[in-house]
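For reference, the structure discussed in these notes is given below.
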Amino acid sequence: MNLIDYPRWPSLARESILNVPADIRNVKVNIDGRVIDYSGEVDSVVITGMGGSGVVGDIVSDLCWFWDCKVPIIVSKNMRLPRRLSKPLVIAISYSGNTAETIMSANEALSRGYPIIGVTTGGKLSTILSNKGVPVVLVPKASAPRYGLPSLLYPTLIILERFGIASVANELESGISGMERALKAIDEAERLAGELLNAIPIIWVGESRRGVGIRFKNDLNENAKYFAIVSIIPEGAHNDIAAVTTKQVGLRHIAIMGPNDYEGRYLETLLDVVSSFGAKPLVVKLEGSTPLESEMYGVTFLGITTLVLAHLLNVEPISTLPIDRLKEELDKRKLFPV
């Protein structure tokens, strides 16, 4: 079976961090007479991006439940930045560099005088930012944005390190170990994909592993062309769980289990209740000795699972015709001024 770019993930992670400027904190940019100083104080980080690029923000947000991140991480998947930001660092991530929503957010950051860094393979975003002297990290290409996740995530982690937001250097190799372990678990991925065949997955995941759940759902959507639902715990324990009483046909419950902490024990209890109503939840345990290792194990293993599912369904995983058609229609209607 074709794993597309997943076998390259360890090398993509290592290669992608080489282009992050060592002196990024020394940058000063003059935009229309306003100096943007990258050495100044930062009181939040806004990670803006969509789809396979935007999930980087979700993963970083997960990691900050475990790491001592010095400022809030704000995940923005929109064409605008949040209002009333004070001293943010904006990281604009677009694999293609042509994502309209991200370009609009980047332009807004510039107009508001915020330090911004682009992470991309090129495209309009690179051109716009580079022409203004704004730092751009150019990363290696993959077959599609979602298959280049390490290329987008690892430079973002290095940027956080350089700005003193989080100490990540000691965990980078452990994250690669998580990817490598998942690449050896193909048999398990095949078994899990078989359990999900001809079912709608209901994904239960704790708040601190939200990014793994969202990424799994997105990969099911894009690789296997499958609808899926994510329930974030504990919030889902106050609404989604009520639906198990109807015993709808065709659902398959699957839980993503992190460390055996309070959140993990909460999720175990929830699964016992779900089971008492006749469901038989599947469980995926995130393996790893560090938060980054278990996170990367999860997104890699579950991503491979969706490729197996696509194979079982005889679905071509790379193309995303409805997304392409929507972009064409939005462009025709000139919804985005970029």
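Coordinate-derived values only; no laboratory data. Since the structure is predicted, the reported quantities are computational estimates derived from the model, not experimental observations. No Cβ is skipped: glycine too gets one built from the backbone with ideal geometry, and neighbour counts run over all protein chains shown.
Potential lengthening of the chain between Arg112 and Asp37 amounts to 25.7 nm, from the contour at 0.36 nm per residue minus the alpha-carbon distance.
Give me the number: length gained by fully extending Gln248 to Lys285, i.e. 0.36 nm times residue separation minus the C-alpha to C-alpha distance, one decimal in nm.
Working: separation 37, 0.36 × 37 = 13.32 nm, distance 2.58 nm.
10.7 nm is the gain from fully extending Gln248 to Lys285.
Taking a ≥ b ≥ c as the square roots of the eigenvalues of the Cα gyration tensor, an a/c ratio below 1.5 marks the range 6-167 as rounded. Listed by chain and number, the lysines whose C-alpha is less than 27 Å from the C-alpha of Lys285, apart from same-chain residues fewer than 8 away, are Lys184, Lys217, Lys225, Lys247.
Counting DSSP beta bridges with both partners in the chain, what percentage is antiparallel, nearest 5? Please list the in-between numbers first.
On the way: 4 of 36 bridges.
Bridges in the chain are about 10 percent antiparallel.
May I ask for the distance between the Cα centers of the range 118-145 and the range 1-53, given as a whole number of Å? Using only Cα atoms, the two centres lie 9 Å from each other.
Since only Gly211, Leu157, Val139 are under comparison, the one whose Cα sits farthest along the positive direction of the charge dipole of the range 123-241, derived from C-beta charges on Lys, Arg, Asp and Glu, is Val139.
Shape verdict for the range 233-311, please, from the Cα gyration tensor: rounded (a/c under 1.5), prolate (a/b greater than b/c) or oblate. Mind dumping the intermediate values first?
Details: a/c = 2.61, a/b = 1.30, b/c = 2.01.
Judged from the Cα gyration tensor, the range 233-311 comes out oblate (a/c at least 1.5, b/c at or above a/b).
Inter-label distance, Arg325 to Lys87: 5.0 nm, where each label sits 7 Å from its Cα along the C-beta direction. Annotation: lysines with alpha-carbon distance below 17 angstrom to Lys124 (same-chain offsets under eight excluded): Lys132, Lys141, Lys327, Lys334.
Estimate the FRET efficiency between Glu180 and Arg265 by the formula 1/(1 + (r/R0)^6), using the beta-carbon distance for r and 25 Å for R0, to the nearest 0.05.
Details: r = 29 Å, r/R0 = 1.17.
About 0.30, to the nearest 0.05.
Among Glu101, Glu328, Glu161, the largest mean-square fluctuation in a Gaussian network model of the chain, built with springs joining Cα atoms closer than 10 Å, belongs to Glu328. Working ranking of peptides 223-236, 31-44 by packing, defined as the average number of other Cβ atoms within 10 Å per residue, highest first, is 223-236, 31-44.
Is the chain rounded, prolate or oblate when judged by the Cα gyration tensor, a ≥ b ≥ c being the square roots of its eigenvalues, rounded requiring a/c under 1.5 and prolate requiring a/b larger than b/c? All intermediate terms of the calculation are to be shown ahead of the outcome.
On the way: a/c = 1.75, a/b = 1.58, b/c = 1.11.
It is prolate, given that a/c is not under 1.5 and a/b is the larger ratio.
Of the trypsin sites (Lys or Arg not before Pro) in the range 235-299, which ones lie in a loop per DSSP and count no more than 10 other C-beta atoms within 10 Å? Walk me through the numbers on the way to the answer.
Details: sites: Lys247, Arg252, Arg265, Lys285; in loops: Lys247.
Here the sparse-neighbourhood loop sites are Lys247.
Treat the count of other C-beta atoms within 10 Å as a stand-in for reagent exposure and order Ser167, Ser126, Ser53 from fewest to most.
Working: Ser167 13, Ser126 20, Ser53 27.
In increasing order of surrounding Cβ atoms, one gets Ser167, Ser126, Ser53.
How high is the relative contact order of the chain? Use alpha-carbon pairs under 8 Å, at least six apart in sequence, and give a whole percent. Please list the in-between numbers first.
On the way: 630 pairs, mean separation 64.4, N = 338.
The normalised contact order for the chain reaches 19 percent.
Computed about its Cα centre, the charge dipole of the chain is approximately 1040 debye, with only Lys, Arg, Asp and Glu carrying charge at their Cβ. Under a 5 Å amide H cut-off, with hydrogens placed 1.01 Å from N, Lys285 pairs with Met257 among residues at least 5 apart or on other chains. With neighbours defined as other Cβ atoms within 10 Å of a residue's Cβ, the residues Thr269, Thr120 order from fewest to most as Thr269, Thr120.
Which whole-number percent gives the relative contact order of the range 6-167, counting Cα pairs below 8 Å spaced six or more residues apart? Please report the intermediate quantities before stating the final value.
Working: 324 pairs, mean separation 47.9, N = 162.
That works out to 30 percent.
Neighbour counting of Cβ atoms within 10 Å sorts the residues Leu326, Leu312, fewest neighbours leading, into Leu326, Leu312.
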